[in-house]
Amino acid sequence: MVYTVTLNPALDYEVLVDGFRAGELNRTSWEHMHFGGKGVNVSTVLHGLGVGTTALGFVAGFTGKALEDGLKARGIPTDFIRLEEGLTRVNVKICSGGGGGETEINSQGPAIPPAALEALLQKLDRLGAGDVLVLAGSLPAGLPSNVYQTILDRVEGRGVLTVVDAARDLLKGVLSRRPFLIKPNSAELAELFGKGSLTEEEVLACAGSLQKQGARNILVSMAGDGSVLLDETGAARRLGVPPGTARNSVGAGDSMVAGFLAGWLETRDYAAAHRMGAAAGSATAFSNGLASGEEIRTLLPLF
């Protein structure tokens with residue numbers, strides 16, 4: 001079973017506004033509500049690929065209920081902790097037609113009291129050998145900055161494979177816990193090493209540094225330039241992207257994590273896992289939302 005933890009999930013409201021103009025009345029020509037947060041996205045894509053998964057984390061208020069009910073309606077098992085105060089956040093992404101780019105507005109989310117964190121840790125005590133734990137995304141207010149380390153320490157020694165998809169200090173702090181997989185994107189990797197951008201050689205060098213610090217496998221997504229996997233066998237694997245029109249960046253990296261895990265659990269082969277991850281990330285980038293299992297498997301032969 002793959003358990004995902006999203007400490008700050010969201011309803012992601014994505015709209016298309018042709019010729020968006022700040023400070024003026026704008027009308028949408030397309031809109032969609034995603035049940036989001038990085039771990040939630042991973043569970044959604046895993047479910048589509050037929051992999052058993054449960055989404056964990058915190059929800060609050062009527063927006064939290066909408067998120068939980070929406071996932072259950074799609075058949076995605078959840079075991080969220082319901083907070084007594086606050087609202088699960090709503091993030092807004094405005095896509096402007098005519099090459100106007102994307103504007104994102106991300107909310108803060110509810111504060112997490114210590115008792116709620118302890119309740120989550122107790123849920124994680126049931127994980128054991130063969131399970132996978134995915135920690136993904138930013139921290140909401142009220143949680144200590146070392147909470148990812150605390151969670152990994154909680155499951156240490158029980159044969160749980162751990163995956164972390166986070167940025168900056170959240171990622172650096174977990175390396176000594178030897179996570180099975182980390183998945184920075186190239187921009188996050190550059191920021192981590194104090195650089196403006198990275199060549200492919202520099203991506204591999206930086207990934208190698210993270211591996212020396214403890215991460216077993218490093219999967220780096222590079223948007224239109226594809227992805228690089230530095231795995232624990234010492235192999236450096238490079239994949240490009242198939243032909244297609246990029247429509248959406250929301251959840252592409254999360255889809256890559258889900259695809260990689262689905263491929264690994266099916267084959268125990270890093271090359272196959274990388275191909276499935278690349279297919280999943282590309283399929284979501286070519287879709288208006290998270291890709292379905294069918295869309296992912298359709299692209300898989302192209303890698």
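To keep it simple, each residue is scored yes or no on (1) under 25 Å from G194 (Cα atoms); (2) in contact with a helix residue (DSSP H, G or I) (Cβ under 6 Å, 6 or more places away or on another chain).
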{"site": "A207", "(1), (2)": "yes, no"}
{"site": "Q211", "(1), (2)": "yes, no"}
{"site": "G224", "(1), (2)": "yes, no"}
{"site": "R237", "(1), (2)": "yes, yes"}
{"site": "T245", "(1), (2)": "no, no"}
{"site": "S249", "(1), (2)": "yes, no"}
When you scan the range 3-11, do you find a residue that is in contact with a strand residue (DSSP E or B) (Cβ under 8 Å, 6 or more places away or on another chain), open to solvent by 70 Å² or more (accessible area, probe 1.4 Å) and either free of Cβ contacts under 8 Å to residues at least 60 places away in the same chain or under 16 Å from E104 (Cα atoms) (or both), even just one? no
Evaluate the following for T150: is it polar (S, T, N, Q) and buried (at least 21 other Cβ atoms within 10 Å of the Cβ)? no
Among the residues of the range 133-159 satisfying the criterion of being part of a helix (DSSP H, G or I) and of a type in the set (V, I, T), which is nearest to L7 (Cα to Cα)? V147
Does M33 satisfy the criteria of being surrounded by fewer than 22 Cβ atoms within 10 Å (Cβ to Cβ) and under 14 Å from L290 (Cβ atoms)? yes
The range 160-183 residues that are at positive phi and assigned to a loop (DSSP other than H, G, I, E, B), paired with ones that are open to solvent by less than 10 Å² (accessible area, probe 1.4 Å) and at pLDDT 95 or above (beta carbon under 8 Å, 6 or more apart): R178/G214; R178/A215
Selection within the range 208-222 - surrounded by fewer than 20 Cβ atoms within 10 Å (Cβ to Cβ) and either among the polar types (S, T, N, Q) or touching a residue at least 60 places away in the same chain (Cβ under 8 Å) (or both): S209, Q211, Q213
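The values are calculated or read from the model by the stated rules, or taken from the named source; none is laboratory data. Keep in mind the model is a prediction, meaning the values are calculated, not measured. Don't worry about glycine lacking a Cβ; one is built from the backbone with ideal geometry, like all the others, and counts go over all protein chains shown. Each accessible area value is taken on the protein alone, full model and side chains, heavy atoms only, with ligands, DNA and RNA left out. Shrake-Rupley method; radii C 1.70, N 1.55, O 1.52, S 1.80 Å.
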